[in-house]
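Asks: Handing you a structure now.
The values are calculated or read from the model by the stated rules, or taken from the named source; none is laboratory data. Keep in mind the model is a prediction, meaning the values are calculated, not measured. Here Cβ is always computed from backbone atoms with ideal geometry, including for glycine, and neighbour counts include all displayed protein chains.
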């Protein structure tokens, strides 16, 4: 069963008296373990599609399923539970809580999960921080970390709950090229080890080079999809 299924998905927004069509009749699916990039110019619908898949927004028409769950049938509470259990997010601006340490930023996500003992949360948090190369830096706050280290905390935070899917919106945009490549190599390694599905929204050619599958969007429509077969 696909992790994500989009069937004839469209998304419209009202802007004043006008209606803007952000996505038009999108049909595609993502399987377990994919490492995919959604690419296209600004305004093509990349972030809109990522927000729909992340259950941060609702489709206007069509059906979207995450892990077989039909999203339009879920209320806000059920959607929050689905995000908590199934989806991790990595943002270009890191979105770390500035007053919390690296460990606390990661551990906070696990504290939201029901019936998970405190000592198990702490153990999982420390383990994933070590996996992303931050052993010894767990007590530092975001302001005491470099941009690349902050993005590693964000990746650890996304992975610690062992989601089926990680959505990364322009994850290298605020990093220099060397740090960006290190981050991509880290995510590719974690993808291969854990078989977590990664979907990126990006303008960055380096991200596209790492991705196995490239989906091109323009004007809210899919213009090409290599299906995971790179030349």
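Asks: Cβ-Cβ under 9 Å, sequence separation 6+ or interchain: first residue in the range 82-110 and exposed (fewer than 15 other Cβ atoms within 10 Å of the Cβ), partner assigned to a strand (DSSP E or B). Which pairs?
Replies: 95/89
Asks: Follow-up. If I ask for residues that are in a strand (DSSP E or B) and at pLDDT 90 or above, which ones from the range 67-103 would you list?
Replies: Start the filter on the range 67-103 by keeping residues that are in a strand (DSSP E or B), which leaves 69-70, 87-91.
Those that are in a strand (DSSP E or B) and at pLDDT 90 or above: 69, 70, 87, 88, 89, 90.
Asks: Now, a different point. Do you know which residues across the range 190-217 are in a helix (DSSP H, G or I), more than 15 Å from residue 88 (Cα to Cα) and touching a helix residue (DSSP H, G or I) at 6+ places or on another chain (Cβ under 9 Å)?
Replies: Keep residues of the range 190-217 that are in a helix (DSSP H, G or I), which gives 190-194, 205-210.
Add one more test, that the residue is more than 15 Å from residue 88 (Cα to Cα), and what stays is 192-193, 205-210.
193, 206, 207, 209, 210 - these are the residues of the range 190-217 that are in a helix (DSSP H, G or I), more than 15 Å from residue 88 (Cα to Cα) and touching a helix residue (DSSP H, G or I) at 6+ places or on another chain (Cβ under 9 Å).
Asks: Sort out which residues of the range 202-231 are touching a strand residue (DSSP E or B) at 6+ places or on another chain (Cβ under 6 Å) and under 14 Å from residue 30 (Cα atoms), and write them in order of number.
Replies: Listed by number, the residues that qualify are 211, 212, 213, 214, 215, 225, 226, 228.
Asks: A follow-up question, please. Where the second residue is at pLDDT 90 or above and assigned to a strand (DSSP E or B) and the first is on the phi > 0 side of the Ramachandran plot and lies in the range 4-19, which pairs have Cβ atoms under 6 Å and are six or more apart or on separate chains?
Replies: 8/25; 8/27; 8/62
Asks: Hey, can you tell me all the residues within the range 43-61 that are under 12 Å from the mean Cα position of the chain (by Cα) and not in a helix (DSSP H, G or I)?
Replies: Hits for the range 43-61 are 54, 55, 56.
Asks: For the range 193-210, state whether one or more residues are surrounded by fewer than 17 Cβ atoms within 10 Å (Cβ to Cβ), under 27 Å from residue 111 (Cβ atoms) and touching a residue at least 60 places away in the same chain (Cβ under 8 Å).
Replies: yes
Asks: Taking the options 134, 64, name whichever one is on the phi < 0 side of the Ramachandran plot, assigned to a loop (DSSP other than H, G, I, E, B) and either at pLDDT below 90 or crowded, with 16+ Cβ neighbours inside 10 Å (or both). Break it down into steps so the answer makes sense when it comes.
Replies: Values: 64 fails: assigned to a loop (DSSP other than H, G, I, E, B).
After ruling out the rest, the residue left standing is 134.
Asks: Failed condition for residue 126, given (1) part of a helix (DSSP H, G or I); (2) closer than 24 Å to residue 49 by Cα, with all others met?
Replies: (2)
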